[in-house]
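Laboratory data are not the source of any read-out in this text; all were calculated from the coordinates shown. From a predicted model like this one, the values you see are computed outputs, not experimental measurements. We place every Cβ from the backbone using ideal geometry, glycine too, and count neighbours over all the protein chains shown.
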Amino acid sequence: MAPSLIRALFKIEKLKATRRGWFRSKNKQRTNQPGGAGGVVGQAAAPEQENWDPNADPLSPDGIKISTRRHFQGRDQPFKYQRIVGEGIYGIAALLHDTRSQPPSKVVIKRPSRREAQAALRQEIRRLRRFRGAAHVLQMVSYRDRDFGDPERDADWGRPMTGLDGPFIVMEYLEMGSFEQFWNRCIQARVRVPNRVLWSIMLCLIRGLIAFAWPPRGSSLQAETIERVPPGVRPDILAHNDLHVGNIMFGSLQPDIREHSLVPQLKIIDLGLADSAEQKQGPRDWDNFNESLGQSFKYITDSLQILLRLITNWAGNPPMFQQPAICSGFETDAILLWEDGADQRYPRLDEALRRLIGRMMARNFRDRPLLEDILYIAEEAVRTRTADHYPSEYRREETDTSIRAFVKRFLLDA
Ligand SMILES: Nc1ncnc2c1ncn2[C@@H]1O[C@H](COP(=O)(O)OP(=O)(O)OP(=O)(O)O)[C@@H](O)[C@H]1O
């Protein structure tokens, strides 16, 4: 192959890998604050006021930070400004304390810091409306956008937001940070992630995928419901288009819901680039559906593959241009798990999980299992696996007590 072609291919692969989060973490700082969300450079570290330009253009990152802080520092304002939790190309995300609720709760407001980013935020509002009620997608609490009229102006939300320019989104606060931060912590500690935690993460990712195939389109008061495959309903697929490890975040523990009583649920965020799959791929048919869903599978299992790499504490970059490995007679891109000798290298890994990932990442989407089937397998694993399922030498790290300690160390107290 000509060197220039190799270089071009390498660039494409690196771009893809960066997108997936393989390289991103090196350039990021962690906030290291208890419950601190966000992994974006420059957030909430130094005293914010001193770093911002007071004469900044109102529609610039500094200008938006200043106007947000000022607005929510008003004396009668029930939402109290806390800090910036995220900053990106789009704009800023600021944490607010809602003093009216009992006990007081927290929400995040996302505002664009560039004119060009306003359209993406409007798109995100449009998309988030479709996901109302989805347990594994970020939930919007309120918003303002001309296209949809003023915020859902009930007495609760309208008044505190008066005077704040749209578009903006008010959303639930995901207090335990991103999958990427979690991954970094695990890598640094060279820790093995228990199988039952991996299964729980896998189930969340599958449920998120179902939400993207059948967005619930709930009302503004819709309670969150666990995603299931609706029998006989054709999917209405939305492609996320930016599903990297920084855009998957941890929510909270839910003692009343078995699935999340030990491990917090994951939520997909940042729907600014989400788009209908059919717009990209022409008229919808089942092949298109499978293909676009297959692509989402790949993003999702890329995230999971990163997690699985923790088991060997391998922090290097993935090999490029690799031949696929073979799993159950199919070519798979889950190479790390299925290349020769991988089973001996990951002796603690639940074989059913290894096989499921191998099949989900089959290179040919026609070889991938049906969504209903992977959901069933993951649900059953989360429901029925206890420490007793695992060989005696690995059992200790799979007990409820060990998992609680793991979650406390790497998520709750991190
Ligand atoms: N609801 C939330 N709760 C806690 N932190 C959040 C929330 N929403 C966003 N963040 C933080 O802000 C960061 C940026 O948010 P988001 O991904 O929505 O913006 P973006 O500029 O579109 O990002 P990207 O660079 O991934 O495209 C997130 O990575 C996260 O750290």
Computed from the mean reciprocal separation of all distinct C-alpha pairs, what Kirkwood hydrodynamic radius does the stretch 46-127 have, in Å?
13.4
Greater than 21 Å separation of Cα atoms is the criterion. Which listed pairs, LYS80/LYS267; LYS80/LYS110; LYS65/LYS408; LYS80/LYS408, meet it?
LYS80/LYS267; LYS65/LYS408; LYS80/LYS408
Starting from the Cα of GLN254, step 7 Å along the direction of its Cβ; do the same at HIS97; then give the gap between the two resulting points in nm.
2.7
Restrict the search to the stretch 48-94; then list the trypsin sites (Lys or Arg not before Pro) that DSSP places in a loop and that have at most 15 other Cβ atoms within 10 Å of their Cβ.
ARG75
Kirkwood hydrodynamic radius (C-alpha pairs) into Stokes-Einstein, the stretch 187-245, 20 °C and 1.002 mPa s, D in µm²/s
154
Between the stretch 159-203 and the stretch 215-265, what is the separation of their alpha carbon centroids in Å?
13
